[in-house]
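What follows is a short report on a single structure.
What follows is calculated from the coordinates using simple rules that are stated; it is not laboratory data. A quick note: this is a predicted structure, and the numbers were derived from the prediction, not measured. Glycine also receives a Cβ, built like all others from the backbone with ideal geometry; neighbour counts cover every protein chain displayed.
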Amino acid sequence: MNLIADRLNRISPSLTIAMTAKARALKAAGKDVIGLSSGEPDFDTPRNVKDAAIAAIERGETKYTDVAGTPALRKAVCEKFKRDSGLDYKPEEIIIATGGKQVIFDALVATINPGDEAIIPAPCWVSYPDIVQLAEGTPVIVQCGQNAGFKMTGEQLEAAITPKTKWLILNNPCNPTGAAYNAEELKKITDVLMKHPHVWVFTDDIYEKLNYDGFKPATILEVEPRLRDRTVTMNGCSKAYAMTGWRIGFAGAPVHLIKAMDKLQGQSTSNTSSVSQAAAIEALTGPQESIEEMRKVYERRRNMVVEMLNQAPGIRCHKPEGAFYVFPDMRGCIGKTTAGGKKIETDEDFTIALLEEVGVATVHGAAFLSPGHFRISYATSDEALREACTRIQKFCAGMK
Ligand code: PLP
């Protein structure tokens, strides 16, 4: 009898985590490696948020809380949704989880029956298809190429919907492309959803605060409030407040779904950390200036990275609206041989050679279901980014 359950064969380990671990091991072995593979802000958590956590510890807020989160944090999330997007959620329509990832897990595992389909526009974040598969659902991948700005059209959505479609999973702005939908673009999606009342929509807005050149990503319910009874609006503190380690994700959804997610969470992790919840209240309701400071830095880095990558022979890099990633097309390098003698046949060959020959860790596009590309996270210092892009330029220029 096998020890490991069959259900685990349906999923793969996270390739972004694997690449980050490989880069870390090379670094530990004394190699000069610049890590651009991890989706983690390089900023420290804002001072006021840390102070709120320390105060919570001193007050003794170190015990279990309600599984779905403290009443105070659920209320703060309602205020956040109202202030930022004009959405009216009540505290009982909110759940707090251990990161945005657990919100996704809760919602999908609580709702997907074997054979149910979830439409996922690609390039997509690595975890969506795996969580759908773990829940015995079928991911339906819709390819949205660089020429379409990496965005799904209403026609593509219409063509992907079947009687078995349970979810559309939208990520706005998107990891790995940084592409984001504004209200007008989203309306084309919501118009299609209005025609198919059996389809629910999960909108992962975790990069909402990181947008550039005045771009305003919209969220589904801002654009089409009539979808309220079949929408999950997900967000969290990890990216906007540089709080990845605190593990705070949250969502607004109809009460019957929140109750189902609460039930699942109650038999797995229970509440997320009480101290993190106290910190999240301060993050969401305290001064918001730190977001703007970080956003400006990301914008400057994005501009530099896009410009430098477009000077690398064989690379074509789109200028994204948000998040902290670029997803350049590397197909111009396919068929060539690197200075180190490696023939590049795939995006994975490219990222491995890039790491081994010039010490730059990125993630290949196939990990995001879009081969022919690679992802760079620019959530790292300007100096490291400049050096990494210079190495990529030389690496590409050295190919024959
Ligand atoms: N959604 C997307 C698109 C992400 O990129 C990430 C993290 O990389 C998450 C959700 C998960 O965030 P958290 O760290 O809060 O679980």
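Take the stretch 113-187, drop everything but the C-alpha atoms, weight them equally and run the Debye formula without solvent; then report log10 I(q)/I(0) at 0.12, 0.18, 0.28 Å⁻¹ to two decimals. For the stretch 113-187, the Cα-only Debye profile gives -0.31, -0.69, -1.36. On the principal axes of its alpha carbon atoms, the chain extends 60, 56, 53 Å, with the longest extent given first. One Cα centroid belongs to the stretch 43-92, the other to the stretch 200-237; the line between them spans 20 Å. Taking the charge dipole of the chain about its Cα centre, with +1 at Lys and Arg Cβ atoms and -1 at Asp and Glu Cβ atoms, the residue from VAL305, VAL33, ASN48 reaching farthest to the positive side is VAL33. Normalising the average separation of contacting C-alpha pairs (under 8 angstrom, six or more residues apart) by the number of residues puts the relative contact order of the chain at 22 percent. Extension gain for the segment ILE54 to LYS187, taken as residue separation times 0.36 nm less the Cα-Cα distance, is 43.5 nm to one decimal. A viscosity of 0.890 mPa s and a temperature of 25 °C, combined with the Kirkwood radius over C-alpha pairs in the Stokes-Einstein formula, give the stretch 38-156 a diffusion coefficient of 139 µm²/s. The tail of the calculated P(r) for the stretch 144-301 beyond 22 Å holds 49 percent of all Cα-Cα pairs.
With Cβ to Cβ distances under 11 Å as the rule, what net charge do the other residues near CYS237 carry (K, R +1; D, E -1)? Write out the running numbers ahead of the final one.
Values: positive: LYS80, LYS209, LYS239, ARG247; negative: GLU282.
Computed value for this residue: +3.
With an 8 Å cut-off on Cα pairs and a minimum separation of 6 or more residues, tell me the relative contact order of the stretch 1-91 in percent. If you can, show how the numbers build up before the last one.
Details: 29 pairs, mean separation 12.5, N = 91.
Reported as a whole number, the value is 14 percent.
Panel order for HIS198, HIS318, HIS256, by other beta carbons found within 10 Å of each beta carbon, from fewest to most: HIS256, HIS198, HIS318. Extension gain, ALA18-THR269: 0.36 nm per intervening residue step, less the Cα-Cα distance, totals 87.9 nm. Put simply, the amide H of PHE374, placed in the peptide plane, has neighbours under 5 Å in MET330, GLY365, leaving out anything fewer than 5 places away on its chain. Compactness of the stretch 257-393 was expressed as the Cα radius of gyration divided by 2.2 N^0.38 Å, which yields 1.39. Check each of the trypsin sites (Lys or Arg not before Pro) in the stretch 229-284 and keep only those in coil by DSSP with at most 13 other C-beta atoms within 10 angstrom; list them in order. Answer by residue number: there is no such site. Using C-alpha pairs under 8 Å with a sequence gap of at least 6, the mean separation divided by the residue count of the stretch 183-288 gives a relative contact order of 22 percent.
Among the trypsin sites (Lys or Arg not before Pro) in the stretch 139-205, those placed in a DSSP loop whose Cβ has at most 15 other Cβ atoms within 10 Å are LYS164, LYS195.
Calculated mean residue ellipticity at 222 nm for the chain: -12500 deg cm²/dmol, from DSSP H runs with n ≥ 4 weighted as -39500 (n - 2.57), summed, divided by the residue count and rounded to 500.
Mind telling me which of THR138, THR337, THR45 comes out most flexible in a GNM of the chain, alpha-carbon contacts under 10 Å? Highest fluctuation of the listed residues: THR337.
Working from the pairwise distances between different alpha carbons, so that the mean of 1/r is found and then inverted, what is the stretch 271-326's Kirkwood radius in Å?
Details: mean 1/r = 0.0717 Å⁻¹.
13.9 Å is the Kirkwood radius here.
Over the C-alpha trace of the stretch 161-234, radius of gyration and Dmax come out as 12.2, 40 angstrom.
What do you get when you divide the Cα radius of gyration of the stretch 127-169 by 2.2 N^0.38 Å, with N the number of residues? Display every interim value, and only then the final one.
On the way: Rg = 11.5 Å, N = 43, 2.2 N^0.38 = 9.2 Å.
Normalised by 2.2 N^0.38 Å, the Cα Rg of the stretch 127-169 equals 1.26.
From the cross-link list LYS188/LYS239; LYS63/LYS263; LYS90/LYS151, which pairs have alpha carbons spaced over 24 Å apart?
Distance filter (> 24 Å) returns LYS188/LYS239; LYS90/LYS151.
Give me the distance between the Cα centres of the stretch 333-400 and the stretch 260-306, rounded to whole Å. Using only Cα atoms to place each centre, the spacing works out to 30 Å.
Can you find, among ALA218, TYR378, GLY340, the residue farthest towards the positive end of the dipole of the chain? Put +1 on the C-beta of Lys and Arg, -1 on that of Asp and Glu. Among ALA218, TYR378, GLY340, the one farthest towards the positive end of the dipole of the chain is GLY340.
Spin-label model, ASN303/ASP66: points 7 Å from Cα along the beta carbon direction are separated by 4.6 nm.
Of the chymotrypsin sites (Phe, Trp or Tyr not before Pro) in the stretch 52-142, the ones in a loop by DSSP (not H, G, I, E or B) with at most 11 other beta carbons within 10 Å are TYR64.
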